[in-house]
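Novice: Sharing a structure with you now.
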Amino acid sequence: MTQQKRLNTFMELYQPETPIRTFFAPGRINLIGEHTDYNGGYVFPAAISFGTYALATKRDDRKIKFYSMNFAELGVITVDLDDLSYEEAHDWANYPKGMVKKISKASHKITHGFNVLYDGNIPNGAGLSSSASIELVTGVLVDSLYDLSIDRIELVKMGQQVENHYIGVNSGIMDQFAVGMAKKDHAILLDTNTLDYQYAPIKLDNYCIMIINTNKRRELVDSKYNERRSECERALKDLQVHLTIDSLGELSVEQFDQYQHLIQSDVERKRAKHAVYENQRTKDALEKLEANDLVAFGQLLNESHLSLQHDYEVTGIELDTLAHTAWKQDGVLGARMTGAGFGGCVIALVDQEKTENFQTTIQKVYEEKIGYSPTFYRATIGDGAKELNF
């Protein structure tokens, strides 16, 4: 979708009398550190070039008019600044609406409403974090339109609170943090316990990150996500009988190996093992990238996928087919599922000169086994949410 088409649609819908401003928030991939965020561990996300555009102008009254080019059939959804309660009928618009409500509740003055048009190019259901993208693009838009000067990490936290308390999804802070704080050509090593973070340059030399979408809708995710979360919480409770820890992320691999017998359930022990070992892999990944050791980094990706497959059990035949097939291809250093699992995407570190063969082979194997095609994207690591000047 071109910017001109967005502008034309905005003009038709709203006939604005003031200049239209454009904002963008990316989607994200998590390079490694999956299902560690709500276990108080490290994650290692980066922003991608796909994301959500938002065009906006202020209004004179207290109405907000939301329109999405992705859900054009739902038309313009009109709400009032004085009633921003969740409404099922408002569908996708509950995400930006929740963000506006959170900002105004945090005693930031939003005096007038606004007209907004959204246009997202994150593949639907791919697990690349379209909800955090729409929350943060709305946050940056409101912050800029009304000169609120909100601290960016506060905005990130608000996005997570919208997800947890307004939408009702029990997610960690990684998605909003990556979308809000990302930096071009860098990943972020984030300690989800303390929100301490550092940027890590991504120098891939002649390799690139391919995103492969299973094209399987992720219907299972919310229920299984909450189930995994509960399993880890129960494992933590068992460990707390003898250990003074607040999260699994505080444990080293050695400590876990020493005390894992305290966890009563075999299944919960496996879940906790993934959380602890994955946390260590994520810290190791930073070291490998800083040392420019892409081979070792690729190996960590593979180990992460195997742990998600066998210990955390969130992959499924589609993700496993993509990852396991990728490992056998010439020029591939590593591959793993990214996101919550049960569908969504695999990322692979691929020699740029071998991407064509890579895609052809993967597509053939996947179609034969699964019955339909995956979709391939080349990831460009970009900036976090910001205003665009065209």
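Novice: Just checking, how many residues over the stretch 153-181 are out of contact with any helix residue (DSSP H, G or I) (no Cβ under 7 Å at 6 or more places or on another chain) and either farther than 13 Å from A132 by Cα or among the β-branched types (V, I, T) (or both)?
Specialist: 4
Novice: Same structure again: I'd like to know if the stretch 369-383 contains one or more residues that are more than 23 Å from V140 (Cα to Cα), assigned to a helix (DSSP H, G or I) and under 25 Å from the mean Cα position of the chain (by Cα). I'd like the intermediate steps shown before the answer.
Specialist: Looking only at the stretch 369-383, we keep the residues that are more than 23 Å from V140 (Cα to Cα), and these are 369-379.
Okay, now just the ones that are also assigned to a helix (DSSP H, G or I), so 369-370.
Still in the list and also under 25 Å from the mean Cα position of the chain (by Cα): none.
No, the stretch 369-383 contains no residue that is more than 23 Å from V140 (Cα to Cα), assigned to a helix (DSSP H, G or I) and under 25 Å from the mean Cα position of the chain (by Cα).
Novice: Could we say that L74 is under 22 Å from Q176 (Cβ atoms) and either buried (at least 18 other Cβ atoms within 10 Å of the Cβ) or in contact with a Phe, Trp or Tyr (Cβ under 9 Å, 6 or more places away or on another chain) (or both) here?
Specialist: The answer is no for L74.
Novice: How do the pairs read when you match residues in the stretch 369-390 that are under 20 Å from T355 (Cα atoms) and surrounded by fewer than 20 Cβ atoms within 10 Å (Cβ to Cβ) with residues anywhere that are of a type in the set (S, T, Y) and modelled with pLDDT of 95 or more, using Cβ under 6 Å and keeping only pairs 6 or more apart or on different chains?
Specialist: none
Novice: Within the stretch 19-69, work out how many residues are in contact with a Gly (Cβ under 6 Å, 6 or more places away or on another chain) and within 24 Å of Y312 (Cβ to Cβ).
Specialist: Counting residues in the stretch 19-69 that are in contact with a Gly (Cβ under 6 Å, 6 or more places away or on another chain) and within 24 Å of Y312 (Cβ to Cβ) gives 10.
Novice: Here's a follow-up. If you check I150 against the conditions, is it of a type outside the set (F, W, Y), surrounded by fewer than 20 Cβ atoms within 10 Å (Cβ to Cβ) and in contact with a helix residue (DSSP H, G or I) (Cβ under 8 Å, 6 or more places away or on another chain)?
Specialist: For I150, the condition - of a type outside the set (F, W, Y), surrounded by fewer than 20 Cβ atoms within 10 Å (Cβ to Cβ) and in contact with a helix residue (DSSP H, G or I) (Cβ under 8 Å, 6 or more places away or on another chain) - is met.
Novice: Only one of (1) among the polar types (S, T, N, Q); (2) surrounded by fewer than 21 Cβ atoms within 10 Å (Cβ to Cβ); (3) in contact with a strand residue (DSSP E or B) (Cβ under 6 Å, 6 or more places away or on another chain) is not met by N213, so which one is it?
Specialist: The one condition N213 does not meet is (2).
Novice: List the helices (runs of 4 or more DSSP H) that sit entirely inside the stretch 224-334 and contain at least 3 residues that are surrounded by 16 or more Cβ atoms within 10 Å (Cβ to Cβ).
Specialist: The qualifying helices (runs of 4 or more DSSP H) are 266-290, 294-310, 317-327.
Novice: Would you pick out the residues in the stretch 316-340 that are closer than 20 Å to Q280 by Cβ and at pLDDT below 95?
Specialist: Within the stretch 316-340, T338 is the sole residue that qualifies.
The values are calculated or read from the model by the stated rules, or taken from the named source; none is laboratory data. The shown structure was predicted, so the numbers you read here are calculated from the model rather than taken from an experiment. Positions of Cβ are backbone-derived with ideal geometry, glycine not excepted, and every protein chain shown enters the neighbour counts.
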